[in-house]
Amino acid sequence: MRTGVAEKVGEPNDVLRLESRSVPTPEAGQTLIRVTATPAHASDLHVLRGRYGFSPGTY
């Protein structure tokens, strides 16, 4: 699967990168759902920039 990854706070163009990762195997009591696309909401971009009430890694 492909996923957007950011390891630090900053402008999305500078810190966000696309990675390929293996599809996780669900454990007992879990379900795997195939998602073909998902939007990046404006609040997601504020979190990446460190401007949304909390910083990534502090929750």
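Only the coordinates and a few stated rules stand behind these numbers; no lab work does. Only a predicted model underlies this, so the values are computations on that prediction, with no experimental measurement involved. Counting neighbours? That spans all protein chains shown, and the Cβs are built from the backbone with ideal geometry, glycine included.
For the chain, the mean residue ellipticity at 222 nm estimated from helices alone is -4500 deg cm²/dmol, where every DSSP H run of n ≥ 4 contributes -39500 (n - 2.57) and the total is divided by all residues, rounded to the nearest 500.
Taking other residues whose beta carbon is less than 12 angstrom from the beta carbon of residue 6, and scoring Lys, Arg as +1 and Asp, Glu as -1, yields -2. Placing a pseudo-label 7 Å from each Cα along the Cα-to-Cβ vector at residue 27 and residue 2 gives an inter-label distance of 3.0 nm. Sorting the segments 6-17, 35-46 by their mean number of nearby beta carbons within 10 angstrom, highest to lowest, gives 6-17, 35-46.
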